[in-house]
Amino acid sequence: MSRKMKLLSAMKAAFPHTIPIFAGFWFLGMTYGIYMNVSGFSFWYPMLMSLTIFAGSMEFVAVNLLLGAFNPLQAFAMTLMINARHLFYGISMLDKYRGNGLKDIYLIFGMCDESFSINYTADIPEGIDKGWFMFFVTLFNHFYWFFGATLGGIFGSLIHFNTEGLDFVMTAMFVVIFMEQWMKEKNHVSAFVGIGVSLLCLIAFGAENFIIPAMVGILGVLTLVKNPLQAEIGRVGER
Amino acid sequence: MTVTQQIITIGMVILGTMLTRFIPFLVFPAGKPTPEYIRYLGKVLPAAVFGLLVVYCLKNVSLFAGSRGIPEMLSIVVVVGLHLWKRQMLLSIAGGTICYMLLVQLVF
C-alpha cells in the first residue's frame, strides 16, 4: 500500500468515529466563541486559544481568568486542577501513544476527553494504520473545535435559532462510551467505583468542586481493591 | 490586563494543560518496564473515568428544582435503549439528543 493510500484509508476509517464530536464541538465551540465575543474579546482570542489550548472546559474558565486581575500562578494552578484527569488518560495511553514516530507528540498534545475516549475504545479495523487513525481522530476533533470557536467569535451576535438542549450530545456520547467500555469488560467493579465515588463526591462537595476529590477517591478505592480485583480479572480472562 | 499580561495568562493555561498531558509519558519512559501498579491503573481506570465523565456531564442537574432531572433521565434511557437494541453509536447519540431537545424545548 502506498503512503497516500495508507493515509486516505486511515482518514476514512477515523471520520465516522468523530461525527458525534463534530456536532458537540461545533455547538460548544460556537458557544465558547460567542462567550468570548460578548466578553469583549476579538475573534483572534477564541481562534488562537482553541488552537493552542484545546481543552474545552479550561477555555471557558480562561475567559474568566482573562477578565479578572493578573495572577499567572493562580491561572497555572487552576489549569493543573481542572485538567488533572488528563494524567489518568496518559497512564491509560502509555502504550498506544508510543511508537508512532513524531505523531506521538501531536497525539499527546491533542489528548482531550473526546480524542482520548475514541482512541481508547475504537476497534481499529484490520489493515488500517493505528497511528494515522488516531492522528486523524485527533486532527478532526481539533479542527471542529477550532472551527466552532472561530465562527462563534466572528458571527457570535448573529445567531437566532433554538439550539437549547443540543449540549446534551456530550452526555449522550459519554453514556455510549461508558456502555461500550462496560460491554468490553467482564468485571464491572471499576465502572461501579467510578459512578459511585463520583456521585458521593458530587453530593458532598457540590458541582464546582467534586472532580478532584472524586479522582482521589477513585484512585484510593482502586488501589485498596487491587489484589482481589487483579486476581478476579486474571481468573475471568483465563476462562 | 495589558496584552502582555493576557499572553502570559494564556501561556500559563497552555503550559498547565500540556504538563497534565505529557507528564505520564515523561515519567514512565519507553523501553523501561512500566511499574506493575501503573499498568494495573491503566487497565482499570478508564471504566471508572468514563463513569466520572457521565456524572460530570450531569453535575448541574438538580433533582429538587426545575424539571427535576426528568428530561435527562428519560433521554439517557433512550440512549441506553437504542444502544442495547442497535449498538450504533451515532444512532444512540442522535436519538438521545433529539429526545432531550424536544423535551426541554416543548415539554418542560
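Couple of notes before you dig in:
- Summed residue charge, Cβ within 11 Å of A:Glu180's Cβ, Lys/Arg positive, Asp/Glu negative: 0
- Subtracting the Cα-Cα distance of A:Met183 and A:Leu67 from their residue separation scaled by 0.36 nm leaves 37.3 nm.
- Per-residue Cβ neighbour rank within 10 angstrom, fewest leading, A:Arg3, A:Arg98: A:Arg3, A:Arg98
- Computed magnitude of the charge dipole of the protein assembly as shown (debye, nearest 20; Cβ of K, R +1, Cβ of D, E -1): 800
- Shape of region A:1-142, Cα gyration tensor, a/c cut at 1.5: prolate
- Chain B: C-alpha gyration tensor shape, a/c 1.5 cut-off, then a/b vs b/c: oblate
- Residue mean of other protein chain beta carbons inside 10 Å, A:193-200: 6
- Residue pairs, from the table A:Lys6/B:Lys86; A:Lys12/A:Lys184; A:Lys4/A:Lys130; A:Lys226/B:Lys32; A:Lys103/A:Lys186; A:Lys12/B:Lys32, whose Cα atoms sit over 27 Å apart: A:Lys6/B:Lys86; A:Lys103/A:Lys186; A:Lys12/B:Lys32
- Radius of gyration (Cα atoms) of region A:185-239, expressed as a multiple of 2.2 N^0.38 Å: 1.31.
- Label sites at B:Leu106 and B:Leu90, each approximated as a point 7 angstrom past Cα along Cα to Cβ, lie 2.4 nm apart.
- Cα convex hull volume per residue for region B:59-108 (Å³): 72
- A Cβ-based charge dipole, computed about the Cα centre of chain B with Lys and Arg at +1 and Asp and Glu at -1, lands at about 240 debye.
- Between the listed residues A:Ile195, A:Ile212, A:Asn227, the Cα displaced farthest toward the positive end of the dipole of region A:185-239, a dipole computed from Cβ unit charges relative to the Cα centre, is found at A:Asn227.
- Here region A:1-71 yields Rg over Rh of 1.17, to two decimals, using C-alpha coordinates and the Kirkwood radius.
- Among A:Met183, A:Met215, A:Met11: highest mean-square fluctuation, GNM of chain A, C-alpha pairs under 10 Å: A:Met183
- Calculated P(r) tail over 16 Å for region B:1-57, as whole % of Cα pairs: 66
- Percentage relative contact order, chain B, counting C-alpha pairs under 8 Å, at least six apart: 16
- Each label was represented as a point 7 Å from its Cα along the Cα-to-Cβ direction; for A:Leu158 and A:Ile203 these points are 5.0 nm apart.
- Cα gyration tensor category, rounded, prolate or oblate, for the protein assembly as shown with a/c compared to 1.5: rounded
- FRET efficiency, B:Lys43 to A:Leu7 (Cβ-Cβ, R0 41 Å, nearest 0.05): 0.85
- Legend: ranking of residues A:Lys130, A:Lys96 from fewest to most surrounding C-beta atoms inside 10 Å; resulting order A:Lys130, A:Lys96.
- Contour minus Cα-Cα distance for A:Met81 and A:Phe192 (0.36 nm per residue): 37.6 nm
- Residue-averaged [θ]222 nm for chain A, counting only DSSP H segments that reach four residues, each worth -39500 (n - 2.57): -24500 deg cm²/dmol
Laboratory data are not the source of any read-out in this text; all were calculated from the coordinates shown. On a predicted model such as this, the values are computed, not experimentally measured, just so you know. With ideal geometry, Cβ positions are generated from the backbone for all residues, glycine too; neighbour counts draw on all protein chains shown.
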